[in-house]
Amino acid sequence: MKRAAVCTIGDEILIGQIVDTNSSAIARELNSIGVKVFRMESISDDNRDIKCSLESLLQSYDIVIVTGGLGPTRDDVTKKALGELSGSHGTVLHNGQLEVVKRILANRGIEISDINRDQAAVPDTCEVIINERGTAPGMIFRFKENAYRHCPVLYSLPGVPFEALGLLPAVTEDIRRHFALDSIYHKTILTYGIAESTLAKMIEPWENALPSDMHLAYLPDPLTGVKLRLSIYGGEYAEEVQRIDSEFEKLKPVLGDAIYGEGNDTLQSVIAGMLRSSAKTLSVAESCTGGRIASLITGLPGASNYFYGSVTSYDNSVKENILHVPTSIIGTYGAVSRECAEAMACGVREALHTDFALSTTGIAGPDGGTPEKPVGTVWTAVAYPDKKHPGKTAVIARMFRFNNTRLTNIDRFAASALNLLRTVLLSELDA
C-alpha cells in the first residue's frame, strides 16, 4: 500500500482566513486510485518551516502532494524552498507555461511583466505539469534513494482550488505510471433517525463479527445522519466489492428503514427519486427552517418535475393569512405545536395543489425557548391523500428536540422533516 501525505502551505490557512478544500479533494482522488493518505499538514509561509516539514514527510511517505505558495508575491516562497530542498542549481524558463501566462494576461488586457514571466520559471530539478487554468505550473520532484532511503515523489500544485483540481488528473496519471498500486474499496451506507451511540449498540454484534481486514467508520452529519463506511485496503477489487456488499446486507434486517441510501445519496435525492417514479408532487411550508428545506430540494437538477414551491411563513400573520392556520390554533397551542404544524402542511398542500406537503415550526435559538418548549424543539408534519377516505387529507406530525447552535439546529430540523417525509412516502407509495 503506497502511503501519501497532503500538505498545504500558506499563513491564510493557519489563521483561519480561508478554508482548506484542496486536501479533502486530493485525498478522495488518491483513494480512488489505491493510494492511502496517512497525514495532512499545513505549513506557514516560511522557508525554513517548509523545508523542515517536507523533509520529514518525504522520509516517511512515498507520495507528498503540496498546494499553495506558488503565486507572484513575496510571501509565495514554496518554489524557492522546493528548489533548495531538491538541490537545484537555478531556475529555467518553461516555454509552455510562459505561453499560457501570456495568453491569460492578453485576455485580461494586461501587459506581461517580469513578475508574470517569473511564474513560468521553475527549479531545474523538476518536471513541469502545464497549468492551463493559471500562471503557476505544477511541478514534480523525484528524489533518489540515497536522500531518504526510498524514492519518494513530491507534487507541487497551485493553492487556488480551481487550478489545483485541474492538475489532479495529470498527478494521478503520473502516480499510476511510476508506482505499483493496490486497490482500495470503500462503500458507505446512509442511516437517519438513530443516534450514533444507539446505532453503535444496535450493530455491535455485526461489527464484532466483521473480518479483520475490514475497517468500519462512523461518519455523523446533521443533514445526512450517520454514515457507515466499510473499507478494505489491498486484495482483488471485484472480491472486495462482493464481500462488503455481503456484510452490509446483514445490516438491513437490523436497521430496516433507517437505511435510506448509499454513497452520495442524500435524503432529498432519495425523496426526489420516489416522487419522480410515482409522478407525485410536493410543496413545503417552513417557519423555523426559513427556506432551508426548499433550498435542499431545489438544489437538485430536475426538481421542477415534482416540487411546486414553498411558503416561508416565519411570522404568524403569514401562517394565518397565507396558509390559513386558524387563529385559534396559534392562540391555544402556540405556533410551535403539533396542531400548527399539521395546519401548515394542510394549508400549503391545498394552496399549491400538491399530492404531498411538508411543514416545520420550531425554535432554532439561541433565544425564544421556554421550559415547555426549549430551544431546539421542532414540530414537523406531512399532509397527503387519505386513501381510506378519498378526497380527504391525512396528516402525520412528529416532534424532535436537539441541543445545538442555531444553524446546526436548522439543519437538523430540515433533515428530520425530510426523513419524516421519506418514511411517509415509503408507506404510502408502496401501499
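Nothing in this text is a laboratory measurement; each read-out follows from the coordinates by a stated rule. Keep in mind it's a predicted model, so treat the numbers as computed, not measured. Please note: Cβ atoms are built from the backbone with ideal geometry, for glycine as well, and neighbour counts cover all protein chains shown.
Observations on the model:
- LEU14 paired with HIS178, simple spin-label distance in nm, labels 7 Å along Cα-to-beta-carbon: 2.7
- Qualifying trypsin sites (Lys or Arg not before Pro) in region 210-307, DSSP loop, other Cβ atoms within 10 Å at most 14: LYS250
- Peptides 114-127, 213-226 ranked from most to least packed by the mean count of surrounding Cβ atoms within 10 Å: 114-127, 213-226.
- Within region 215-257: backbone nitrogen closer than 14 Å to the LYS201 label point (7 Å, Cα to C-beta): none
- Here r is the Cβ-Cβ distance between GLU41 and TYR148 and R0 is 22 Å; the resulting FRET efficiency, rounded to 0.05, is 0.85.
- Directionally averaged shadow of region 356-420, computed from the convex hull of its alpha-carbon atoms, nm²: 4.8
- Among residues other than VAL35 with Cβ under 14 Å from its Cβ, the summed charge is +2 (Lys and Arg +1, Asp and Glu -1).
- Database remark: amide H of SER42 closer than 5 angstrom to the amide H of THR8 (H placed geometrically; neighbours at sequence offset of 5 or more, or on other chains; Pro and chain starts carry no H).
- Alpha-carbon centroids, region 74-99 and region 122-152: separation in whole Å: 10
- Note on region 2-178: percent of Cα-Cα distances in each 10 Å bin, starting at 0 and stopping at the bin with the largest distance, equals 10, 40, 38, 11, 1.
- Using a Förster distance of 22 Å, the FRET efficiency for SER328-LYS392 (Cβ separation, nearest 0.05): 0.55
- Among the listed pairs LYS227/LYS280; LYS80/LYS144; LYS250/LYS280; LYS79/LYS144, those with a Cα-Cα distance over 22 Å are LYS227/LYS280; LYS250/LYS280.
- Separation of the ASN95 and ARG401 label points, Cα + 7 Å toward Cβ, nm: 7.4
- Against the main long axis of the alpha-carbon atoms of the chain, helix 237-249 sits at an angle near 20°.
- Calculated SAXS-style log₁₀ I(q)/I(0) at q = 0.11, 0.12 Å⁻¹ - the chain, Debye, Cα scatterers: -0.96, -1.03
- For q = 0.11, 0.12, 0.22 Å⁻¹, Debye-computed log10 I/I(0) when each Cα of region 184-262 counts as one equal scatterer: -0.26, -0.31, -1.03
- Stretching ALA217 away from GLU350 to a fully extended chain increases their span by 43.5 nm, per 0.36 nm per residue minus the current alpha-carbon distance.
- Most to least packed among 350-363, 155-168 [average Cβ atoms within 10 Å]: 350-363, 155-168
- Positive contributions from Lys and Arg (+1) and negative ones from Asp and Glu (-1), summed over other residues with Cβ under 13 Å from the Cβ of LYS252, come out at -4.
- Net charge over other residues, Cβ less than 15 angstrom from the Cβ of LYS392 (K, R count +1; D, E count -1): -2
- Applying 0.36 nm per residue to the separation of ALA25 and THR370 and subtracting their alpha-carbon distance, the gain on full extension is 119.9 nm.
- On Cα atoms only, tilt of 338-352 relative to the major axis of the chain in degrees: 80
- Using Cβ point charges alone (K and R +1, D and E -1), the dipole size of region 91-186 about the Cα centre works out to roughly 80 debye.
- Calculated from the alpha-carbon coordinates, region 267-430 shows an Rg and a Dmax of 14.7, 44 Å respectively.
- Think of it as helices only: each DSSP H run of n ≥ 4 in the chain is worth -39500 (n - 2.57), and spread over all residues that comes to -12000 deg cm²/dmol at 222 nm.
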